[in-house]
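Report on the structure given below.
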Amino acid sequence: MNYEILLKENHLKVTPQRLGILHLMHEAGHISIEDLFTSIKKQFSSISLATLYKNIHAMLESSLIKEVKAPEAKARYEISKAPHAHLVCSECGEFKDIMYDVNHLAHSIADDNGYAINDTSLIISGTCPKCK
Ligand SMILES: [Zn+2]
Ligand SMILES: [Zn+2]
């Protein structure tokens with residue numbers, strides 16, 4: 001994945017910090033702000049939490065990344081990709097991508113109720129095979 005092109009495509013300035021953030025996010029799949037901060041500090045020791053938040057915010061605004069919220073777990077961030085659902089383990093906190101597009105279901109429910117959709121997400125929480 002070329003993060004520089006990704007940033008440019010999303011009309012964002014390319015900075016070493018942003019390249020580092022995207023690299024860590026890609027490696028982790030889904031990462032919390034705390035874990036991201038711990039890892040990014042190893043590369044850019046002077047980066048502050050406020051700067052990290054500002055970068056995350058800019059990348060969220062342009063939809064380059066997405067926030068994934070699950071009950072009983074801290075919000076995670078991931079690089080935007082094809083629509084998918086998530087399985088979340090409430091024991092170990094694993095986030096797993098399920099390549100299932102919920103948009104069809106969401107649209108039919110929204111249409112039936114006269115809603116315009118802002119956002120759609122499907123999170124299934126439970127216990128993963130390792131923790132069971
Ligand atoms: Zn687990
Ligand atoms: Zn995901």
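Please sort 21-28, 115-122, 36-43 by packing, taking for each peptide the average over its residues of neighbouring beta carbons within 10 angstrom, highest first.
21-28, 36-43, 115-122
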³J(HN,Hα) computed for each position of the stretch 113-128 - Karplus, 6.51 cos²θ - 1.76 cosθ + 1.60, integer Hz, glycine/proline x
9, x, 9, 9, 7, 9, 7, 9, 8, 10, 10, 10, 9, x, 10, 6
Got a number for the accessible area of MET1? Probe 1.4 Å, square angstrom, nearest 10.
130 Å²
Neighbourhood charge, 11 Å Cβ-Cβ cut-off, centred on LEU22 and excluding it, Lys, Arg +1 and Asp, Glu -1
-2
Sort CYS92, CYS128 from largest to smallest accessible area, using a 1.4 Å probe on the heavy atoms of the protein chains.
CYS92, CYS128
Long-range amide H contacts for SER32: which residues qualify at under 5 Å (H placed 1.01 Å from N, peptide plane, sequence gap of 5 or more or a different chain)?
TYR77
Ratio Rg/Rh, restricted to the stretch 32-103 and using Cα atoms, in which Rh is the Kirkwood radius
1.01
Each residue of the stretch 29-39 in turn: what ³J(HN,Hα) in whole Hz from Karplus with 6.51, -1.76, 1.60 and θ = phi - 60°, glycine and Pro shown as x?
x, 9, 9, 7, 5, 5, 5, 5, 5, 4, 6
In a Gaussian network model of the chain with springs linking alpha carbons closer than 10 Å, the residue among HIS107, HIS30, HIS57 that fluctuates most is HIS107
Kirkwood hydrodynamic radius of the chain from all distinct Cα pairs, in Å?
16.2 Å
Could you check which residue among ASP111, ASP97, ASP35 shows the biggest mean-square fluctuation in a GNM of the chain with a 10 Å Cα cutoff?
ASP111
What 222 nm value per residue comes from the helices of the chain, counting each DSSP H run with n ≥ 4 as -39,500 (n - 2.57) and dividing by all residues, nearest 500 deg cm²/dmol?
-12500 deg cm²/dmol
Sort all Cα-Cα distances of the stretch 61-132 into consecutive 10 angstrom bins from zero, then give the percent of pairs in each bin up to the one containing the longest distance.
18, 43, 31, 7, 0
Could you tell me the distance between the Cα centroids of the stretch 3-31 and the stretch 59-132, to the nearest Å?
21 Å
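Could you work out how much longer the chain between GLU9 and ASN103 gets when fully extended? Use 0.36 nm per residue separation minus the Cα distance between them, nm to one decimal.
That works out to 31.4 nm of additional length.
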In the structure displayed, which of LYS42/LYS130; LYS96/LYS132; LYS13/LYS69 lie more than 24 Å apart, Cα to Cα?
LYS42/LYS130; LYS13/LYS69
A correct Karplus calculation of ³J(HN,Hα) over the stretch 60-67, with 6.51 cos²θ - 1.76 cosθ + 1.60, θ = phi - 60°, whole Hz and x for Gly and Pro, returns 5, 4, 8, 6, 5, 10, 10, 9
So what is the relative contact order of the chain, in percent, for Cα pairs below 8 Å that sit 6 or more residues apart?
20 percent
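The values are calculated or read from the model by the stated rules, or taken from the named source; none is laboratory data. Model, not experiment: these values are computed from the prediction. As a convention, Cβ positions derive from the backbone with ideal geometry for all residues, glycine included, and neighbour counts pool all protein chains shown. We work out accessible area using only protein heavy atoms, side chains counted, and drop any ligands, DNA or RNA first. Shrake-Rupley method; radii C 1.70, N 1.55, O 1.52, S 1.80 Å.
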